[in-house]
Amino acid sequence: MKSLMIQGTSSGAGKTTLVAALCRIFSDKGYRVAPFKSQNMSNFGYITPDFEISRAQAIQAFGARCNITPDLNPILLKPVGNYSSVVYLNGKRFKKMHAKEYYEKFVNSEGMKLASKSLKTLQKDFDLVIMEGAGSPAEINLQKYDIANMKMAKKANANVLLVTDIDRGGSFASLAGTMALIEKKYQKLVKGFIFNKFRGDIDVLKPGFKKLKSLTHVPVIGTIPLVSLNLPEEDSLNSNPKDIVWNKKNIKKIDNELNKLSKIVKSNVDINSIEKMLQ
């Protein structure tokens, strides 16, 4: 029973796709793998007659070749406007909640209890749980209520990889700033940085890698190129995400894209170093 967590310096950094890729890579290595995201905010779900979770965790489950269950995403928030969301717990509609009520009366009590129970179930049933954080762990205004990042990593006894989107610019500052703003007790959990969506000559980045390590004591373990993938996006950053019909044809397309993605990640990230983190 081992766990690894992927966190990001921002939303859209590449956490979801990196988790999907790592699920496929470690499944190919013979691990029984499951993805996990304690709390996800999305209006796009994977819907069955019995439950609904975020489609991101469903796609990661295809990567892991595991059954799709509510434990993969125990808390789903579906925004409805005016700072409110419809809250789904264990795949079932719970109720509509205002953000203030959710944060102050639910998340650190019932929310944390529920997410921890699902995590414990997955850790019992699988060799490896690859966890996805939400947004950034350095949102200092929300850290008290954040059950999707460092608190959950600590609960899982998971090492953390921090991914950043270099195509946006400011990645070195984002990584150094994130390390500076997370609590000291959590800084030691971060074992590697990954630069995502890079285009150009990687040698240009190497002096920055060296300086970054001297500042944070964390190595860069991968630089993933900017590539085009035909995988469904999360709706929070995409104004026109597409619905999916979960038929055999589309699932096969997703599976092919996951194979393509995993090959790219395997070629550009130090998977051996990650595997050593699990020992």
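Among the residues of the range 72-92, just one is of a type outside the set (A, V, I, L, M, F, W, C), under 22 Å from residue 46 (Cβ atoms) and exposed (fewer than 13 other Cβ atoms within 10 Å of the Cβ), namely 92.
For the range 265-279, taking the residues that are among the polar types (S, T, N, Q) and part of a helix (DSSP H, G or I), the one that is surrounded by the most Cβ atoms within 10 Å (Cβ to Cβ) is identified as 268. For the range 1-30, give me each residue that is touching a Gly at 6+ places or on another chain (Cβ under 8 Å) and free of Cβ contacts under 8 Å to residues at least 12 places away in the same chain. Correct list: empty.
Within the set 27, 84, the sole residue that is among the hydroxyl-bearing types (Ser, Thr, Tyr), under 27 Å from residue 191 (Cα atoms), over 14 Å from the mean Cα position of the chain (by Cα) and modelled with pLDDT of 95 or more turns out to be 27. Does at least one position in the range 133-152 carry a residue that is of a type in the set (Phe, Trp, Tyr), without any contact (Cβ under 8 Å) to a residue 12 or more places away in the chain and either closer than 23 Å to residue 50 by Cα or in a helix (DSSP H, G or I) (or both)? Taking every residue of the range 133-152 in turn, none turns out to be of a type in the set (Phe, Trp, Tyr), without any contact (Cβ under 8 Å) to a residue 12 or more places away in the chain and either closer than 23 Å to residue 50 by Cα or in a helix (DSSP H, G or I) (or both).
Criterion applied to 115, 99 was being of a type outside the set (Phe, Trp, Tyr) and within 16 Å of the chain's Cα centre (by Cα), and the one residue passing it is 115. Within the range 183-206, residues that are farther than 30 Å from residue 142 by Cα reach no partner that is modelled with pLDDT under 95 and of a type in the set (Gly, Ala, Ser) with beta carbons closer than 6 Å at six or more positions or on different chains. Filtering the range 192-223 to residues that are part of a strand (DSSP E or B) and either farther than 22 Å from residue 262 by Cβ or not hydrophobic (A, V, I, L, M, F, W, C) (or both) leaves 192, 196, 197, 222, 223. Taking the criterion of being within 23 Å of residue 175 (Cβ to Cβ) and aliphatic (A, V, I, L, M), the residues of the range 219-234 that qualify are 220, 221, 224, 226, 227.
Within the range 22-56, the set of residues being closer than 25 Å to residue 1 by Cβ, of a type outside the set (Ser, Thr, Tyr) and assigned to a strand (DSSP E or B) comprises 33, 34, 35, 36, 39, 40, 53.
Does residue 198 meet the test of being hydrophobic (A, V, I, L, M, F, W, C) and in contact with a helix residue (DSSP H, G or I) (Cβ under 7 Å, 6 or more places away or on another chain)? Considered against the rule, which asks whether it is hydrophobic (A, V, I, L, M, F, W, C) and in contact with a helix residue (DSSP H, G or I) (Cβ under 7 Å, 6 or more places away or on another chain), residue 198 comes out as yes.
Filtered by the rule that a residue be within 14 Å of the chain's Cα centre (by Cα) and under 26 Å from residue 212 (Cα atoms), the range 119-145 gives 130, 131, 132, 133, 134, 135, 136, 137. Of the residues 229, 205, the single one that is among the hydrophobic types (A, V, I, L, M, F, W, C), surrounded by fewer than 19 Cβ atoms within 10 Å (Cβ to Cβ) and at pLDDT below 95 is 229. Listed by first and then second residue, the pairs with beta-carbon distance under 7 Å, at least 6 apart or on different chains, first residue in the range 36-56 and farther than 13 Å from residue 79 by Cβ, second among the acidic types (Asp, Glu), are 37/132; 46/52; 56/234. Residues in the range 166-195 that are under 12 Å from residue 223 (Cα atoms), within 16 Å of the chain's Cα centre (by Cα) and either of a type in the set (Val, Ile, Thr) or buried (at least 22 other Cβ atoms within 10 Å of the Cβ) (or both): 193, 194, 195.
The values are calculated or read from the model by the stated rules, or taken from the named source; none is laboratory data. Note that the structure is a prediction, hence the values are computed from the model and not measured. In this analysis, Cβ positions are derived from the backbone assuming ideal geometry, glycine residues included, and neighbour counts consider all displayed protein chains.
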